[in-house]
Amino acid sequence: MGLRPPAHLHGKISGALMIAGLVAASAVLICLGRQDIIHALSYAGRLAGGLLVAAGLTALVAAVCVVVDRLLGRGTKYTTAITLFGALAVLGAGLLLLTVQIGEYTHWLWLWLGLVVWACWALWDLLHRRQAWREITFRRNFAAIVSFTALITAANFVYSQIYEPYSSPMTVVMSAKIGSIHKDENTTYVPVTFELENTGKVGAYVVGASYSLTGVDWKSAYENPRDLKQWEKDIDTDALTDLHTYADKQQTYTVSIGLLQTPGIYDLNPGEKSTQEKIIELPTKTFRAVQITSEAYLLRKDRMTYSTAPTTYYSWSGKREIIPKWVTDYAGADAGSDYIRYQVPVHYSNQILNFTRRSRHITVWWVLGKENSTPAKPLVADLETPGGEQTEPTFSEWDQEREKYGFTYLVSGPTEAVL
């Protein structure tokens with residue numbers, strides 16, 4: 001026997017609220033879950049989408065049961081159980097979305113709170129006011145179904161949000177090698193090979209990659225070897241870690257910078273290797289050695305994705321925007337340096353995160369320096385909310401970006417060769 005349709009106005013109002021809440025929750029959960037079933041980047045994300053769709057369909061069936069119970073008066077113990085299960089499904093989905101929301105605010109927070117508050121009211125109305133639990137004669141089976149569903153949902157959440165990112169780390173190796181150097185009377189030719197290889201099991205997006213070649217010069221100190229006091233001065237003044245007796249401290253000059261990959265995003269799947277070879281010319285007898293360094297910014301492919309090409313801004317064209325000071329400090333360049341800025345919006349690995357996280361984009365600066373001054377590290381990138389790239393990220397924010405989204409910085413070198 002189902003719940004008898006209440007005759008008084010209060011009962012009709014609560015019945016209408018019950019139906020409206022179940023239908024609204026059904027629409028939200030089905031819409032959200034359907035997107036993940038189709039577009040989520042991992043199987044766990046698609047399973048989470050399937051669970052949301054299942055919860056939404058349960059809520060929709062529960063709304064039909066409320067109509068049968070309260071409006072038509074033809075309810076049974078099964079319609080009562082389905083109504084109760086639907087309210088529990090909405091509560092579970094709302095709590096799950098609130099849990100994912102923790103740490104960042106979006107306007108969707110109020111929708112998840114609305115689902116939870118409505119579900120709590122619905123359960124109070126069913127269990128306290130209408131004593132629905134007494135109508136269900138198969139209480140043990142019902143409790144077992146609810147517990148099993150909750151366990152599956154919790155296990156999927158832990159697997160997709162906590163275990164999966166840490167069990168399969170992104171492993172990409174970068175190298176820069178100097179080949180056989182050739183000289184003639186006026187020019188020295190330095191061949192360099194750059195490699196970027198994905199040796200792991202997780203795909204990566206290469207956000208940007210660059211190199212810099214530095215000429216190195218020093219004065220020999222054979223007649224007046226350097227002593228301990230000079231070493232101490234080198235450490236105090238220049239924080240040197242290489243101390244030589246028969247050579248003065250090195251002087252370095254960045255003489256060549258370039259992009260190995262134009263900032264944007266391209267794939268580097270497991271087992272793939274990207275190789276580039278370049279020949280860099282230097283005037284003979286200018287330097288005693290060269291150093292080559294390469295760097296890259298990567299994004300974990302199963303954590304974020306993108307759908308548009310990056311926008312490009314040149315600091316010397318149109319209205320000049322001053323480069324943020326933290327970028328030039330990080331690049332080892334002078335304030336007000338010329339630069340090219342690339343920006344591309346990114347999306348999260350599933351629709352749940354797209355609704356519970358603020359939008360983000362990747363900003364890449366290729367720092368060119370100023371007249372007679374070049375940067376030590378020409379490429380700087382940041383993953384931030386719109387406008388956030390103007391502020392230097394803290395160490396904890398960098399670490400959060402790496403842990404949550406697999407946003408990683410790689411550097412190879414410096415590799416040195418004597419000319």
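A few remarks follow.
- Span-rule helices in the chain, defined as complete DSSP H runs reaching 18 Å or more along the axis (Cα) with Kyte mean at least 0.5: 9-39, 43-66, 77-101, 109-124, 139-158
- Contour minus Cα-Cα distance for residue 251 and residue 144 (0.36 nm per residue): 31.2 nm
- Length, then width, then depth: along the principal axes, the Cα atoms of segment 215-318 run 63, 37, 33 Å.
- Overall form of segment 183-245 per C-alpha gyration tensor (a/c, 1.5; a/b vs b/c): oblate
- Whether segment 263-376 is rounded, prolate or oblate, judged on the alpha carbon gyration tensor where a/c under 1.5 counts as rounded: oblate
- Using the Cβ-Cβ distance between residue 278 and residue 307 with R0 set to 41 Å, the FRET efficiency from 1/(1 + (r/R0)^6) comes to roughly 0.80.
- If R0 is taken as 41 Å, the Cβ-Cβ distance between residue 338 and residue 104 corresponds to a FRET efficiency of 0.75.
- Taking every alpha-carbon pair under 8 Å whose residues sit at least 6 apart, the chain reaches a relative contact order of 16 percent.
- Heavy-atom accessible area per residue - the chain, 1.4 Å, Å²: 52
- Residue 326/residue 241 FRET efficiency (R0 30 Å; Cβ-Cβ; nearest 0.05): 0.75
- Nearest-10 value in Å² for the accessible area of residue 120, using the 1.4 Å probe: 70
- Extension gain (nm, one decimal) between residue 397 and residue 152, 0.36 nm per residue minus Cα-Cα: 85.0 nm
- For Kirkwood radius over Cα pairs in Å, the value calculated from this model appears in (1) 27.2; (2) 24.2; (3) 26.0 under label (3).
- For segment 203-208, the Karplus equation 6.51 cos²θ - 1.76 cosθ + 1.60, evaluated at θ = phi - 60°, returns couplings of x, 10, 9, 8, 6, x Hz by residue, with Gly and Pro reported as x.
- Using the average count of surrounding beta-carbon atoms within 10 Å as a protection proxy, the listed peptides 230-239, 35-44, 243-252 rank, highest first, as 35-44, 243-252, 230-239.
- Accessible-area composition of segment 315-374, carbon plus sulfur, in percent [1.4 Å probe]: 50
- Beyond 22 Å, the tail of the calculated P(r) for segment 39-114 holds 37 percent of the Cα pairs.
- Extension gain, residue 228 to residue 319, is 27.5 nm, computed as 0.36 nm per intervening residue step minus the present C-alpha separation.
The values are calculated or read from the model by the stated rules, or taken from the named source; none is laboratory data. Note that the coordinates shown come from a computational prediction; the quantities given were computed from them, not determined experimentally. Note that each Cβ is placed from the backbone with ideal geometry, even for glycine, and that neighbours are counted across all protein chains shown. Side chains included, ligands, DNA and RNA excluded: accessible areas come from the protein's heavy atoms. Shrake-Rupley method; radii C 1.70, N 1.55, O 1.52, S 1.80 Å.
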